[in-house]
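Every number here is computed from the coordinates shown, using simple stated rules; none is lab data. The shown structure was predicted, so the numbers you read here are calculated from the model rather than taken from an experiment. Heads up, the Cβs are rebuilt from the backbone with ideal geometry, glycines too, and the neighbour counts pull from every protein chain shown.
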Ligand SMILES: C[S@@+](CC[C@H](N)C(=O)[O-])C[C@H]1O[C@@H](n2cnc3c(N)ncnc32)[C@H](O)[C@@H]1O
């Protein structure tokens, strides 16, 4: 039986995010459901800037309203930015904000990053924040990570923050319960129920251990775990020169 048959389609995901631009334009409201979101964003952007130097070309997949690129631009002023998102309204907002922040050339692309044609070895840093948990089966994950590797320039790096799962089912239940406790503490029982239902419908996260292994298998020579707290992690990989 197809394990993902009840999950949201790409079109349903796009439609939901078309109407969520305001929330994602403010880090504090947009990322409340994400444990340690400001810390994770700071860590991936700082790690990107020290692992890859100089950062001249940034690709942000599932860019939303551009928060992560904006943060990286503080450390890489004037970099060229390519912003990709399923939702046209997100791309529009991200382009507007990133241009205002003093980026070099800014290219916005509405589309699924898995199908978008982008230059091989064309990016010094790739950011993927809160987007890969929408990938589904093994083949989808493998092809997506191979594409990230192909797009990364030699000496470049890819940085991910995301909802994650765990390998051992009992540990996954324990960690998800802790996450539900966090949700309840910030928004009450109704908020917890809403976020948990949305995850059940829309998301299919993988363990950070799986993703680090897959990054290495895809060709990256060094991988790095920056932070993990209950159901969220920040990590990345570097492509040798
Ligand atoms: C939770 S939001 C995160 C936005 C932004 N990265 C941030 O951290 O503020 C996820 C975004 O990924 C986009 N997205 C989901 N799947 C995608 C795909 N396959 N290709 C491009 N964008 C995608 C959604 O439209 C949405 O805007």
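Along its first, second and third principal axes, ordered by size, the chain spans 44, 37, 32 Å in Cα coordinates. Remark on region 31-162: ratio of C-alpha radius of gyration to 2.2 N^0.38 Å is 0.96. Helix 208-217 and the longest principal axis of the C-alpha atoms of the chain enclose an angle of approximately 40°. If I fit a long axis through the Cα atoms of helix 138-151 and take the longest principal axis of the Cα atoms of the chain, what angle between them do I get, 0 to 90°, rounded to 10? Long axis of 138-151 versus the principal axis of the chain: about 20 degrees. When you work out D = kT/(6 pi eta Rh) for region 107-187 at 10 °C and 1.306 mPa s, using the Kirkwood radius from C-alpha pairs as Rh and the Stokes-Einstein form, the result is 106 µm²/s.
In terms of Cα atoms, the Rg and Dmax of region 1-105 work out to 15.0, 50 Å. Write down the percent of antiparallel bridges among all DSSP beta bridges whose residues are both part of the chain, to the nearest 5. Rounded to the nearest five, the antiparallel share is 40 percent.
Based on DSSP H segments of at least four residues, each scored -39500 (n - 2.57), the chain has a per-residue ellipticity at 222 nm of -14000 deg cm²/dmol.
For the listed peptides 31-37, 187-193, a ranking on the average number of other beta carbons within 10 Å per residue, highest first, reads 31-37, 187-193. Which FRET efficiency value, to the nearest 0.05, is calculated for residue 121 and residue 46 with the Förster distance at 25 angstrom and r the Cβ-Cβ distance? It comes to 0.60.
Helix 169-202 and the longest principal axis of the Cα set of the chain meet at an angle near 90°. Using only Cα positions of region 90-141, each an equal point scatterer, no hydration layer, compute I(q)/I(0) via Debye at q = 0.14, 0.17, 0.26 Å⁻¹ and quote the log10 values to two decimals. Debye curve over Cα of region 90-141, log10 I(q)/I(0) at q = 0.14, 0.17, 0.26 Å⁻¹: -0.49, -0.71, -1.33. Reducing region 74-112 and region 203-222 to their Cα centroids gives an inter-centroid distance of 26 Å.
Taking other Cβ atoms within 10 Å as a rough exposure proxy, 7, 201, 71 sort from fewest to most as 201, 7, 71. The fraction of all Cα pairs in region 117-241 landing in successive 10 Å bins from 0 to the largest distance is 13, 41, 29, 14, 3, given as whole percents.
Above 18 Å, the calculated P(r) of region 153-198 contains 46 percent of its Cα-Cα pairs.
Approximating the spin labels as points 7 Å out from Cα along Cα→Cβ, the residue 241-to-residue 39 distance works out to 3.3 nm. According to the calculation over all Cα-Cα pairs in region 170-241, the P(r) per 5 Å bin from zero is 3, 14, 19, 20, 15, 12, 8, 5, 2, 0 %.
Using C-alpha pairs under 8 Å with a sequence gap of at least 6, the mean separation divided by the residue count of region 18-71 gives a relative contact order of 44 percent.
Using a Förster distance of 35 Å, how high is the FRET efficiency between residue 18 and residue 221, based on the Cβ-Cβ distance and rounded to 0.05? The value I calculate is 0.35. Sorting 118-131, 45-58 by their mean Cβ neighbour count within 10 Å, with the most densely packed peptide first, gives 118-131, 45-58.
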